[in-house]
Amino acid sequence: MRRSPRIVTEATQAYSFSRRAWLLGAAQGGFGLLLAGRMGWLAIAENERYQLLSESNRVNTTLVPPRRGWIIDRHGQPIANNRTDFRVDIIPERLEDIDRELALLRVLIGLPPEEMDRVRHDIERAVGFQPVQVAENIGWERFAAVSLRQPELPGVAPSRGFSRNYPAGAAVAHLTGYVGAPTAEQFKATKDQLLVTPGFKLGKDGLEKMLEPALRGVPGAKRVEVTARGKLVAELATRPDGPGRTQRLTIDAGLQEYAARRLGEESASVTVFDCRTGEILAMVSMPAYDPNSFSDGISRSEWRMLSEDDHLPLMNKTLQGLYPPGSTFKPATALAALSAGVDPKRVIVCNGGYQLGNRRFGCLARHGPMTMHTAIARSCNTYFYTVGREIGINRIAAAARALGFGAEHELPLPSQRYGTIPDEAWKVRRYKQEWTQADTLNASIGQGYVLVSPFQLALSVARIASGRAVAPALLHGPPREFAPLPFPEEHLAIVRAGMDEVVNGAGTAVASRLQLEGVRMGGKTGTAQVRRIKDRFRGQGGEWKYRDHGLFICFAPVDQPRYAASVVVEHGMGGARAGAPVAKDVLTYLYDREQAMKRLEALEQGWGGDIATRMAAKAAAWKAAQDAPAPPIPVDPAEAARRASSAATGALVRQAERNAPVPLSPEPTPP
């Protein structure tokens, strides 16, 4: 059955059109509302963001490295400050003719080919307006030449900045450390754009590294208006940098430099304390590098010279050097013996050594009858062997730790080594072996397993002199109070009296008595073996690296101690010979600078000048040795004869083949 056709009336058509028009209008209205909402969101809620993006397209901002805070001594004298320097950078996006401009810069600045290659490489890797360093620390003449030709050098930006300066040079190298350019790893870890800003440097070692947050400061910004193509329109206001905070130390800059100079050409260290406050007045390790050269960037040859030097100028011997303390450890053994009840007036006869089973432990001499006072003064090993064996290593170790040995102390310096103060439990942990009486005898005179740093030696004598558990301080701060040591004052007085006798009586360092009216120095000499005695020199001669170390600890004045110091001279062959004279002059400087300086000037004439002069001469000699042609290889006479004979025989054979006679070569004469 067929359906009848649908009849569409005018009313039906009108209804259908009105419905479609309503749906389309609703859709258009909804879309309009959505568009209006989005526009409102962008105009109101996102206004700040897009304003910043727009500003960044219009204004280019370049960070300006902040000036580092000064490091000053206790009197306000600069130890590390900033000096004006001139530099040249390139903004790659503004360069018009790279080859022409680089060629002109090479002529104006005098850049070597390897530096030109480095600049080209950095330009290729640069992004946007990131500056590329061309040269820093250039002279005024070259800076002025570039500035004068700047219209011919679009994209080249000569500027004045600041670089780090250390007035005392090598004398403070291991104290301050140095600054250098950040590494790629440091930038990846922080994403701080300041780290890739040309001219910015951060602390790499020493105080510069440990005090970096305080010394860095806040970077400034240089703003310029540019077009969409990067063309310069105008220079805008520059935001100044915020300098870092000045750091005041307890160091006496004059004493620091004097001690460094007084060490001469030795591989040695000097540490001086104010034993009343715990403030460090000097901390010297020589030889050292020049931190000014390190901060500017040293050459490969200079680094090789320093790293190959057997006197280890790159090592801070004061904190990182570990040595057997030798007889400078005997005051600790004496305090342990007194605490254990040993009578200081007890007489022990020294016949030149101590017999333990079938092994004999030697002394420096046959001292005869010894009390604690005379044993300290004359450094009698036999006395300390005897009392050390009686009281045992555990008591000796406890006394040593109370004086500051075997511990790491709170200082704003990296890489501090705390050494070894052994006891019975330590040997079991370390070597899985039981402690022996022979170990005790060695430890009682500062040999065997005992290792300490020069810094700990100075701290120990500061504690003995003051009678208190002095804590070291390197940053200037408010006065502090210290607890008394766990030793009665009468015990400390006995040890101090023995140390007074060392210098001012019949002791081992009488030649280093202070030439100051009313001021006496107490001290203790020490000699530390580097290896077992195997040759006729017995550590007192021969090759430098096999000689004994020389150590000396001291305090002054004896009656009212104020200063305490340690001197360690590597391979100095004895404390009385090498350490005590240095300590005498260093303490003299604190009381009579004129007398001390006269003594130093006379010594430096024999050494070849001051530190900078000697370092320059040494570097020149090293460079000349590297540039010299290699000496000819010596030829063994027998080998030379054999080669000549073979050559003659070969010539005969060849001539015979050509049927031509040839005279025989004479027998070669050995060279």
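Enter the mean projected area of the convex hull around the alpha-carbon atoms of the stretch 460-515, in nm², rounded to one decimal.
Details: hull surface 21.8 nm².
Averaged projected hull area, Cα only: 5.5 nm².
What the stretch 332-429 shows is 44 Å² of accessible area per residue, with the surface traced by a 1.4 Å probe over protein heavy atoms. Among LYS598, LYS345, LYS201, the order of accessible area from largest down is LYS345, LYS598, LYS201, computed with a 1.4 Å probe on protein heavy atoms.
Compactness ratio of the stretch 453-602: Cα Rg over 2.2 N^0.38 Å, N = residue count? Working it through for the stretch 453-602, the quotient is 1.12. Surface composition of the stretch 495-629: carbon plus sulfur atoms hold 49% of the accessible area, using a 1.4 angstrom probe and ignoring ligands, DNA and RNA.
With each label modelled as a point 7 angstrom along the Cα→C-beta vector, the TRP607-GLN28 pair spans 9.6 nm.
Relative to the Cα centre, the charge distribution of the stretch 306-463, modelled as +1 at Lys and Arg Cβ and -1 at Asp and Glu Cβ, gives a dipole magnitude of about 540 debye. Positive contributions from Lys and Arg (+1) and negative ones from Asp and Glu (-1), summed over other residues with Cβ under 13 Å from the Cβ of ARG395, come out at -1. If one computes the Cα centroid of the stretch 555-590 and of the stretch 347-379, what distance in Å separates the two points? Centre-to-centre (Cα) distance: 25 Å.
How large is the Kirkwood hydrodynamic radius of the stretch 245-327, counting all unique pairs of alpha carbons, in Å?
Radius from the Kirkwood sum: 14.5 Å.
What base-10 log of the normalised intensity I(q)/I(0) is obtained for the stretch 143-183 from the Debye formula, alpha carbons as equal point scatterers, at q = 0.16 Å⁻¹? Normalising to I(0) and taking log10 leaves -0.64.
Per-residue SASA remark: PHE455, around 0 Å² accessible (1.4 Å probe; ligands, DNA and RNA not included). Rounded to the nearest 0.05, the FRET efficiency derived from the C-beta distance between ALA145 and GLU96 at R0 = 22 Å is 0.65. Determine the distance separating the Cα centre of the stretch 171-200 from the Cα centre of the stretch 443-457; give it in Å without decimals. Each part's Cα centre sits 37 Å from the other's. Based on the Kirkwood approach, the hydrodynamic radius assigned to the stretch 312-359 is 14.5 Å, with every pair of different Cα atoms included. With r defined as the distance between the Cβ atoms of GLU594 and ARG160 and R0 fixed at 56 Å, what FRET efficiency is calculated, to the nearest 0.05? That pair, GLU594 with ARG160, gives E of 0.85. With 29 Å as the limit on Cα-Cα distance, the pairs of LYS345/LYS545; LYS317/LYS584; LYS188/LYS623; LYS317/LYS623; LYS209/LYS427; LYS191/LYS317 that go past it are LYS345/LYS545; LYS188/LYS623; LYS209/LYS427; LYS191/LYS317. Applying a DSSP loop filter and a limit of 16 other Cβ atoms within 10 Å to the GluC sites (Glu not before Pro) in the stretch 90-156 leaves GLU96.
Run the numbers for TRP544 and PHE187: contour at 0.36 nm per residue of separation, minus the present Cα-Cα distance, in nm. Write down the numbers at each step before the final one.
On the way: separation 357, 0.36 × 357 = 128.52 nm, distance 4.45 nm.
Extra length from TRP544 to PHE187 when fully extended: 124.1 nm.
Measuring spread by the Cα atoms of the stretch 336-480 yields a radius of gyration and Dmax of 17.0, 57 Å.
Please give the net charge around VAL567, taking every other residue with its beta carbon less than 13 angstrom from that of VAL567, where Lys and Arg add +1 and Asp and Glu add -1.
Spelling it out: positives minus negatives among the neighbours equals +2.
How many percent of all Cα-Cα pairs in the stretch 411-528 sit more than 21 Å apart? When every Cα pair of the stretch 411-528 is considered, 57 percent fall beyond 21 Å.
What does the highest-first list of 460-466, 313-319, 294-300, 78-84 look like by mean Cβ count within 10 Å?
Most protected by this proxy first, the peptides run 460-466, 313-319, 78-84, 294-300.
For the stretch 121-194, the square roots of the Cα gyration tensor eigenvalues, ordered a ≥ b ≥ c, give a/c of at least 1.5 with a/b no greater than b/c, which places it in the oblate category.
A simple spin-label model places pseudo-atoms 7 Å from Cα toward Cβ; at ILE44 and ALA471 they are separated by 5.9 nm.
The equivalent ellipsoid of the stretch 264-392 has semi-axes of 43, 19, 11 Å, largest first, where each one is the square root of 5 times an eigenvalue of the Cα gyration tensor.
The values are calculated or read from the model by the stated rules, or taken from the named source; none is laboratory data. Bear in mind the structure is a predicted one, so any value in this text is a computation, not a measurement. Reconstructed Cβ throughout: ideal geometry from the backbone, glycine too, with neighbour counts over all protein chains shown. Ligands, DNA and RNA are stripped out before the accessible areas are found, and what is left, the full protein with its side chains, is counted by its heavy atoms. Shrake-Rupley method; radii C 1.70, N 1.55, O 1.52, S 1.80 Å.
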